[in-house]
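Report on the structure given below.
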Amino acid sequence: MAAQRGRDLLLRLDQSGSGSFATVAGLRARRLSLSAGMVDVTDADSPGRWRELIEGGGVRRASIAGAGVFRDVAADATVRQVFFDGLLRTWQVVVPDFGTIAGAFQLVALEYAGTHDGEVTYEIALESAGALTFTAG
């Protein structure tokens, strides 16, 4: 796979729960983190006292983070309302030439910042709230 432009990594939100996704406007940086916990079952009888894990035993989770500038009032209002209402919404992360990861996420952090001689910026953080799907690109 050839190198990809970071701007092509998209974060999309199903705004109403109808399956119609819109790209969250103004994001300059996006990050998707996938992780899985482990279940350690090591005991005195473990060969060579090496750690032993249960395959597939841990909790899996995903985190999404983004930062940028709000470019349109509608995107700002939608994201802000999702946060204040504490809604679980379906979000998609589109990774070019790789695929799309989608599922329910809760918007757990929404931060605004600005300097006297610059634009207002924001940062968002989402945590998975159920099973995710992967669709190859």
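The values are calculated or read from the model by the stated rules, or taken from the named source; none is laboratory data. Because the structure is a prediction, the values reported are computed rather than measured. Cβ placement follows ideal geometry from the backbone for every residue including glycine, while neighbour counts extend to all protein chains displayed.
To keep it simple, each residue is scored yes or no on (1) assigned to a strand (DSSP E or B); (2) charged (D, E, K, R); (3) in contact with a Phe, Trp or Tyr (Cβ under 7 Å, 6 or more places away or on another chain).
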position: L32; (1), (2), (3): yes, no, no
position: A44; (1), (2), (3): no, no, no
position: G66; (1), (2), (3): yes, no, no
position: A74; (1), (2), (3): no, no, no
position: R80; (1), (2), (3): no, yes, no
position: F83; (1), (2), (3): no, no, no
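Among the residues of the stretch 102-122, is there at least one that is under 30 Å from A2 (Cβ atoms) and in contact (Cβ under 8 Å) with a residue 60 or more places away in the chain?
For the stretch 102-122, residues under 30 Å from A2 (Cβ atoms) and in contact (Cβ under 8 Å) with a residue 60 or more places away in the chain: absent.
Could you run through the stretch 28-77 and say how many residues are more than 13 Å from the chain's Cα centre (by Cα) and of a type in the set (A, V, I, L, M)?
So the count comes out to 13.
Mind listing just one residue for me: the one in the stretch 94-137 that is assigned to a strand (DSSP E or B) and either of a type in the set (F, W, Y) or touching a Cys at 6+ places or on another chain (Cβ under 9 Å) (or both) and, of those, surrounded by the fewest Cβ atoms within 10 Å (Cβ to Cβ)?
Among those residues, the one meeting the criterion is Y112.
Is it the case that the stretch 37-58 has a residue that's loosely packed, with under 15 Cβ neighbours inside 10 Å, under 21 Å from A125 (Cβ atoms) and touching a strand residue (DSSP E or B) at 6+ places or on another chain (Cβ under 7 Å)?
no
Taking the stretch 87-101 on its own, how many of its residues are touching a strand residue (DSSP E or B) at 6+ places or on another chain (Cβ under 7 Å) and farther than 25 Å from R5 by Cα? It would help to see each step written out before you state the result.
Taking the stretch 87-101 as the starting set, the residues that turn out to be touching a strand residue (DSSP E or B) at 6+ places or on another chain (Cβ under 7 Å) are 88-94, 99-101.
Cutting the leftovers down to farther than 25 Å from R5 by Cα gives us 88-89.
The qualifying residues number 2.
Provide a single number: the residues in the stretch 59-93 that are hydroxyl-bearing (S, T, Y) and either surrounded by fewer than 17 Cβ atoms within 10 Å (Cβ to Cβ) or free of Cβ contacts under 8 Å to residues at least 60 places away in the same chain (or both).
Initial filter on the stretch 59-93 (hydroxyl-bearing (S, T, Y)): 63, 78, 90.
Of the ones still in play, those that are also either surrounded by fewer than 17 Cβ atoms within 10 Å (Cβ to Cβ) or free of Cβ contacts under 8 Å to residues at least 60 places away in the same chain (or both) are 63.
Counting residues in the stretch 59-93 that are hydroxyl-bearing (S, T, Y) and either surrounded by fewer than 17 Cβ atoms within 10 Å (Cβ to Cβ) or free of Cβ contacts under 8 Å to residues at least 60 places away in the same chain (or both) gives 1.
Can you tell me which of (1) more than 18 Å from R89 (Cα to Cα); (2) of a type outside the set (A, V, I, L, M); (3) modelled with pLDDT of 85 or more; (4) touching a helix residue (DSSP H, G or I) at 6+ places or on another chain (Cβ under 9 Å) is the one T23 doesn't meet?
In the conditions (1) more than 18 Å from R89 (Cα to Cα); (2) of a type outside the set (A, V, I, L, M); (3) modelled with pLDDT of 85 or more; (4) touching a helix residue (DSSP H, G or I) at 6+ places or on another chain (Cβ under 9 Å), T23 misses (1) alone.
Just one of the numbered conditions (1) in contact (Cβ under 8 Å) with a residue 40 or more places away in the chain; (2) under 16 Å from the mean Cα position of the chain (by Cα) is not true of A2; which one?
All conditions are met except number (2).
Which of the following residues is modelled with pLDDT under 90, among the polar types (S, T, N, Q), under 14 Å from A104 (Cα atoms) and out of contact with any Gly (no Cβ under 6 Å at 6 or more places or on another chain): S63, S18?
S18
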